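Have a look at the structure below before the remarks.
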C-alpha cells in the first residue's frame, strides 16, 4: 500500500530524515515511535504531500507522491499534530468544506453524518469549533481525516493533550478503524503504540533503527532472556546453589525487594531453559520460592535501550542488524538528555493510569 | 477551487471585517456621488475613480489580503488544503477570487448611481464612460489584490503581511513622484561612452518607476476609448502575481 525507498529530507543543511526505507501492507497498523524531533512528523508530512522530499521515492497504492500527487492524496486521510481546523466555522460547516475540498464522490449528508456518529461529535455539529474543548477538536480533526473514506490514515500523535478517558476512546476508535484501513500512527507514548499497533518502526535522528512486529522486537533484544527469582533464603547459600544449576551462566543478587526475601537474576547460557532446574534446586534446599518471572523486555525497555545507544549504528548492532548503511559521524551527544525526557514521560504516563 | 472560494468569502463575513470594508467603500462612494451630483457633474465614472484618487484602495486592499495565506500558515490549517487532492494553483485562485468578489461588491452602488443619472440627467454622458471607469478600477484593485496575496504567502503573520503590503503599495502610489526626482542627463554624439551608459541606466530606472504607477494607467480608462494595452497591463500583473504566489507556496514545501 505504501512504499518508501531511500527517503531523505534536508532542511537547509540540517538532515531531518536520512535514507528511510519501509513498506506497509494493506490493513496493517504501524506505529512510528521516536523521541521529539526524531523525524516522525517530517516523514508523515512527506507521505501526505505537505512537504516535498529531497531524495527517494514514496508511492501510495502505486501512485508516486511527487509525480502523481492528486491520486496519492486522494487515498490518504491525514490528522496532523495540530488538527487543521478553521475555528470560525461550525463543525458541520467545516466537514462540508473538507468534503467539497476533497471532491468526495459519496452522497454528502449521509457520509458526513456517518463519520460524525463514528467519532461521536454529532451532538456538537452546530457549535463553533473555537468553542470546543481540545478533545472534541481532536475528534473533529479525526472526522476530517476520515472524509472520503481513504484507504490510508496517517495520524500524527492523535492522543496528545487528551484526558485518559478520551485517550481510551480514541484508541478504541483507531482499533475499530484498523479493521478496514491501513493506519500509520506516530507517538512518543509507548503504551499507546503497544495498545494499538501490530508493527513498530522506531525512529531516531531521522533514521529507522528498528522495524518489526512488537513481539519480535522484544525477542531479538532480550537474547539473554534472564529470569528473576524471589526466594526466602540466605543470600550467599542460594547464590552458590543457583550458580551450580545446569545451564546457568551467571547469577546476580538484586538485593532485598520484599521483606525477608532476596531477588536473584539468573542469566542462562544461550538457548538454555533453566526454569525447571532453578525451581527444583530451590525446592531441594527447602526454601520458599515467592515468584519466578521472565525479564523479557517491555516495549519501554526496548525503546530506552535502543535510543539510549550512543549512535544509531550501536542500536542496530543490538538488534543484530547488518550495518550496510554507511557509517556516519554520530552527532548524538545529547542522547542522555533525551533519555531523561522519556523517563519523565513514562512517569507521567504511569500517573495517568 | 469552489470550496476554497466559498469558505474564504464566507470568512470575510463571519467577523466584522468584510462589513467594515464594504461600509468604508460605500461611504466614500456615496460621499463622492453626492458631492459631484450636487455640484452638477453627473458623471459616475468620476465617482468610481474617487476611490483610487484619494488612495483609499491602497490602504483598504491590504486589509483584505493580509490574512489570505499567512493566517493559514500560522494556524497550520494550510495542512488540510495542501494535503487535499487539489492543485496548488486552484487553491491560490480560490483565495484570489474570494478577495476579488468582496472587492467587486463594493461597486454595486455605482450601478444605482448610474441608473439615477441616466434616468433624470439633462446632460447625457455616454454609458461607456461609466463602464470603462468600472472595468479599470476593478482591474486596478485586482492587481493590488494579487500583489497583496503574494506578500501574504511570504509570511506567517498577518501583521507583517499588511505592513509589507502597505510599503509596496506606497511605492506603487508614489513611484512616478520618485521618477520625477531623477534627472536623466541629455546626451549627444560627443558625450563619453561611460556617461552615455549612465544616462541609459537612469532612463531605465525612470521608465521602470513610471511603469510601476498603476494610477497613471488607470487614468487612461477615463478616456472615451478603451485601450487594450491598459487592460493587458493590469491582467499581466494579476497573472504574474498569482503565478508568483503559487511558486512561493510550492517553494515552501521544498525548504
Criterion first (more than 14 Å from chain A (Cβ to nearest Cβ) and under 18 Å from residue B:143 (Cα atoms)) does residue B:215 satisfy it? yes
Within the stretch B:86-95, tally of residues that are crowded, with 24+ Cβ neighbours inside 10 Å and more than 10 Å from chain A (Cβ to nearest Cβ): 2
Candidate set: the stretch A:98-112, residues that are in a helix (DSSP H, G or I) and within 22 Å of residue B:5 (Cα to Cα); chosen: the one farthest from the other protein chains (Cβ to nearest Cβ): A:109
Just name the residue that is surrounded by the fewest Cβ atoms within 10 Å (Cβ to Cβ) out of those in the stretch A:1-16 that are within 14 Å of chain B (Cβ to nearest Cβ) and touching a strand residue (DSSP E or B) at 6+ places or on another chain (Cβ under 6 Å). A:8
Can you tell which of B:102, B:56, B:51, B:68 is under 24 Å from residue B:16 (Cα atoms) and free of Cβ contacts under 8 Å to residues at least 40 places away in the same chain? B:56
State all residues of the stretch A:1-38 that are under 13 Å from residue A:211 (Cβ atoms) and free of Cβ contacts under 8 Å to residues at least 24 places away in the same chain; if no residue qualifies, say none. A:23
Regarding residue A:87, is this residue outside any strand (DSSP E or B) and within 10 Å of another protein chain (Cβ to nearest Cβ)? yes
Lone qualifier among B:113, B:150 - being more than 18 Å from the chain's Cα centre (by Cα), more than 20 Å from residue B:19 (Cα to Cα) and crowded, with 19+ Cβ neighbours inside 10 Å: B:113
Provide a single number: the residues in the stretch B:158-193 that are touching a helix residue (DSSP H, G or I) at 6+ places or on another chain (Cβ under 6 Å) and either in a loop (DSSP other than H, G, I, E, B) or in contact (Cβ under 8 Å) with a residue 24 or more places away in the chain (or both). 16
Residues within the stretch A:51-81 that are assigned to a strand (DSSP E or B) and within 12 Å of chain B (Cβ to nearest Cβ), tallied: 6
Kindly evaluate residue A:36 against the criterion of being in contact with a helix residue (DSSP H, G or I) (Cβ under 9 Å, 6 or more places away or on another chain) and at pLDDT 90 or above. no
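Quick one: is residue B:125 outside any helix (DSSP H, G or I) and more than 14 Å from every other protein chain (Cβ to nearest Cβ)?
Yes; evaluated as a whole, the condition is true for this residue.
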Could you tell me whether the stretch B:69-85 includes any residue that is over 19 Å from residue B:139 (Cα atoms), more than 14 Å from chain A (Cβ to nearest Cβ) and part of a helix (DSSP H, G or I)? yes
Only listed residue being within 30 Å of residue A:280 (Cβ to Cβ) and modelled with pLDDT of 85 or more, chosen from A:199, A:171, A:230: A:230
Determine whether the stretch B:227-240 contains at least one residue that is closer than 30 Å to residue A:53 by Cα and touching a helix residue (DSSP H, G or I) at 6+ places or on another chain (Cβ under 9 Å). yes
Give me the helices (runs of 4 or more DSSP H) completely within the stretch A:113-228, filtered to those with at least 2 residues that are over 15 Å from the mean Cα position of the chain (by Cα), ordered by residue number. A:134-146, A:164-177, A:214-221
Among the residues of the stretch A:267-290 satisfying the criterion of being in a strand (DSSP E or B) and at pLDDT below 85, which is surrounded by the fewest Cβ atoms within 10 Å (Cβ to Cβ)? A:267
Given the conditions (1) modelled with pLDDT under 90; (2) part of a helix (DSSP H, G or I), which single one is not true for residue B:100? (1)
Of A:98, A:91, A:65, the only residue that is buried (at least 21 other Cβ atoms within 10 Å of the Cβ), at pLDDT below 90 and either under 24 Å from residue B:9 (Cα atoms) or touching a helix residue (DSSP H, G or I) at 6+ places or on another chain (Cβ under 6 Å) (or both) is A:65
Quick check, is residue B:60 surrounded by fewer than 16 Cβ atoms within 10 Å (Cβ to Cβ) and either within 12 Å of another protein chain (Cβ to nearest Cβ) or modelled with pLDDT of 90 or more (or both)? no
Just one of A:24, A:29 is more than 14 Å from chain B (Cβ to nearest Cβ), farther than 19 Å from residue B:253 by Cβ, touching a helix residue (DSSP H, G or I) at 6+ places or on another chain (Cβ under 7 Å) and buried (at least 17 other Cβ atoms within 10 Å of the Cβ); which is it? A:29
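The values are calculated or read from the model by the stated rules, or taken from the named source; none is laboratory data. Keep in mind that what you see is a predicted model, and the values were worked out from it rather than measured. Backbone-built Cβ (ideal geometry, glycine too); neighbour counts: all protein chains shown.
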